[in-house]
Amino acid sequence: MRDAGRTYLEGAFDREPFLRRARTSSKVTIPSLVPDLGHNADSDLPTPYQGLGAQGVNNLASKLLLSLFPPTQPFFRLVPQDPEALRGAGPKVQQEVEEGLTRMEKVIASEFEVMALRVKLFEALKHLLIAGNVCLHVQADGSSRVLGLEQYVARRSPMGWLECLVTKEELDRETLPPDLEALVSSSAPTANPIQEGVSAFANDRAGRGRPAVCLHTCVEWDPADEKYHVHQTLEGKYVPDSAGSYRPELLPYLVLRYATVDGEDYGRGMVEEIVGDLLSLEGLMKAILEAAAISARLVGLVDPAGAATADDLNNAPNGAFVVGRATDVTYPQVSKNGDLQVAFSTKAGIEERLARAFLLNTAVQRNAERVTAEEIRYVAQELESTLGGVFSVLSQELQLPLVQMLMDRLTRQKRIQKLPPKTIRPAIVTGVEALGRGQELAKINVATQAAASVVGPEALAQYINARVLIGAIFTAAGVDTTGLVKSEAEVAEQNRQAQMMAMAQRVGPNVVNQLGPGAAERMGLGPSQGTKNTEPPKATPA
């Protein structure tokens, strides 16, 4: 069994460059997200001179959350592994299977909302943008927590497969359960220098004189049985009953990356790519604020040879008269307006680039008197399309494992039926899939508008299959057409009924009466729709 404490310290050396860059990115965006080493509740955090970094990270994290997990629709669909086999079973069986899968999707989506994962996912997305790495632990009881880059080490295969993960938690010894407290106190302190370093580091992070202990959780891939094996150690001692194993798709530890780099165990953050602009903006804002403070300072100069003295002016009450000339007192001015204009123009250019990178709404609309709606839509679409690579990574490392864990949780609770293996699979329909559908919908709109402007709407209707066009539009918009769009048989029956009604109105009610009630019913005219008999009823014989 792997020594979790030693593995963590060895992996910390490889993690250090990524953690150092993450702390640099955090200082100019959200300093509390990745604080410096030794930070605790009593430590002061650096205050950035600009707020664009924090605003941009929060805005982009919100857009990613809404794109990946929209609140109005499930972010996945349950689809058959072999759609052709389902179609061959007949329309009735296909409809029953689709209705059952739709009900199952609603149960899973409802469980996702009940578990309140959105709060933790929003925090995890901010870690991804700034540090490029985060670990999301979804526990068995449905709760979840976010582990920052400083709380875990990871090792991946050359193909990016997670081989080993070790997390570290700092626990207050006074609040430990009795069994764990007995485990720590059961033997003399270890002489292992590595473990002593771990304990000293934990006590330093505790910061308030209370003894702290380190709990390590080790997750290791075993290629023999193709499972992840998990165990925990407390101060270097194995925690009883902590061992377990998970299939790869059900591992509760989701080690996420923003941007992957081949051969590296950790990812790169979005802020790291634009940290140069953020640091430049930070320096310019500091200089501009200092210049503004100097310019706002009000200090008068008194001519030593003048009639008025500095004491006379300082001691005179408001509205009093002092003997002297107006030229005896002057106020110095900072003649740096030209230099500050250069700083302001440079700052404006940097802010515009950062606003575009963070997908802020102010970057979409250009500074002009007349800006068309089509121009705004085009620029917004171009900006959001840049997230396609991020969606591709998160759909495989975040969305798909979440769906599989939710399905396993509900199956064990017997709230959904256990699906046969290799028959039904979850398919992600948000993120990059939604971007693809949005691009397809934009192409359909452009094509139909261009064709209608050339040949006219009437000529276009003659050559366009309306049903196929409506289906393509609904599909591109991500709307399920089951039961919404009429089938060809329903449309044909509706047209036949309309034709019969029109013919009945043309030939008149007398002809309908001559044809008889059976023909009237076949034409869609019931007894209430036919003409009433105006003759009085015949008297019945006594």
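The values are calculated or read from the model by the stated rules, or taken from the named source; none is laboratory data. The shown structure was predicted, so the numbers you read here are calculated from the model rather than taken from an experiment. Cβ: placed from backbone, ideal geometry, glycine included. Neighbour counts: every protein chain shown.
A few points about this structure:
- Members of the stretch 118-159 found to be part of a strand (DSSP E or B) and farther than 29 Å from residue 262 by Cβ, listed by number: 144, 145
- Any chance residue 347 is among the charged types (D, E, K, R), at pLDDT below 90, assigned by TED's automatic domain parsing to the domain that holds residue 279 and within 60 Å of the chain's Cα centre (by Cα): no
- Residue in the stretch 8-22 that is of a type in the set (Phe, Trp, Tyr) and farther than 17 Å from residue 150 by Cα present: no
- Members of the stretch 240-279 that are closer than 29 Å to residue 389 by Cα, small (Gly, Ala, Ser) and surrounded by fewer than 14 Cβ atoms within 10 Å (Cβ to Cβ): 263, 276
- Among the candidates 496, 522, residue that is at pLDDT below 75 and of a type in the set (Lys, Arg): 522
- Within this structure, residue 243 passes the test of being closer than 30 Å to residue 159 by Cβ and of a type in the set (Gly, Ala, Ser).
- The criterion of at least 2 residues that are farther than 24 Å from residue 184 by Cβ, under 28 Å from the mean Cα position of the chain (by Cα) and not assigned by TED's automatic domain parsing to the domain that holds residue 358 is met, among strands (runs of 3 or more DSSP E) falling completely within the stretch 203-311, by 253-257.
- In the set (1) under 30 Å from residue 279 (Cβ atoms); (2) of a type in the set (Phe, Trp, Tyr); (3) part of a loop (DSSP other than H, G, I, E, B), residue 321 fails one condition alone, (1).
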